[in-house]
Amino acid sequence: MKRNGRDGKKWKIKYFNEIDSTQKYLIEKVKKENLNRYCIWSKFQTNGIGTHQREWIGKKGNLFFSFVIDVNEFDFVPMQSLSVYFSFLMYKILKKYNEKLTIKWPNDLYILDKTPKKTGGVLCNIIKKKIICGIGINTKHPVGLNKKYEYGCLDIDIKNDKILKNFLLLVDRKILWENIFSEYNEIFEKNRLIFGIEKTLNNDGTLKGK
């Protein structure tokens with residue numbers, strides 16, 4: 001499947017019935033090939049990874065995808081905050097379907113219920129001047145691994161492939177970092193005590209005094 005971006009460049013999108021990790025797959029592929037605007041996705045991931053190489057459990061029906069894009073296409077975003085940027089784009093896509101959805105700094109999606117429930121996450125790597133961004137969303141099943149978190153799911157009436165396509169369209173809009181950060185920081189300030197974060201944010205998306 002191919003999809004035109006706003007600038008006329010095409011995304012190549014490949015679907016897998018099952019995969020160990022979309023992120024690991026693309027990292028190895030980028031080491032061997034010159035890829036750009038290449039995305040893979042699946043509804044079942046057997047050995048996913050999250051921040052700090054933590055395992056992200058997959059259950060059939062949830063959404064798992066990773067994409068590759070040239071780093072110079074997003075040189076207007078602080079490199080250390082790429083996951084902040086892309087997590088906010090996904091938040092914008094999904095918020096209209098679940099009003100309880102929010103973001104925990106820097107790159108996790110949560111459902112705010114009686115207790116916050118982790119529902120998704122974003123992981124970015126830069127290899128050979130390519131951004132490799134992986135995203136996992138519990139669209140149907142509340143699963144995870146780390147016992148310090150409670151896990152939730154979106155349980156929304158939208159297909160995974162439509163979420164993915166809408167997300168890539170928003171990536172292609174290349175919204176300015178300043179605009180993203182302004183909205184992101186409002187959410188951060190509203191939620192930081194809920195998540196036990198005492199520090200405020202620098203304009204590049206990092207914690208002050210970190």
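The values are calculated or read from the model by the stated rules, or taken from the named source; none is laboratory data. What you see is a predicted model; the values in this text were computed from it and never measured. Every residue, glycine among them, receives a Cβ derived from its backbone with ideal geometry; neighbour counts consider all protein chains shown.
Miscellaneous remarks
- Within region 127-152, being closer than 14 Å to Asp108 by Cβ, of a type in the set (Lys, Arg) and part of a strand (DSSP E or B) holds for no residue.
- Filter result for the condition that a residue is touching an Asp or Glu at 6+ places or on another chain (Cβ under 8 Å) and either outside any strand (DSSP E or B) or of a type in the set (Phe, Trp, Tyr) (or both), over Asp172, Asp161, Asp155: Asp172
- Within region 83-100, residues that are in contact (Cβ under 8 Å) with a residue 24 or more places away in the chain sit with their Cβ atoms under 7 Å from residues that are in a helix (DSSP H, G or I) and of a type in the set (S, T, N, Q), at 6+ positions apart or across chains, in these pairs: Ile93/Asn166.
- Options Val77, Val68: the member that is surrounded by 17 or more Cβ atoms within 10 Å (Cβ to Cβ), part of a loop (DSSP other than H, G, I, E, B) and either modelled with pLDDT under 95 or out of contact with any His (no Cβ under 7 Å at 6 or more places or on another chain) (or both): Val77
- Test: residue in region 98-105 that is among the β-branched types (Val, Ile, Thr), under 15 Å from the mean Cα position of the chain (by Cα) and under 27 Å from Asn72 (Cα atoms): yes
- Positions within region 1-17 being farther than 18 Å from Leu169 by Cβ and either among the aromatic types (Phe, Trp, Tyr) or at pLDDT below 90 (or both), in sequence order: Phe16
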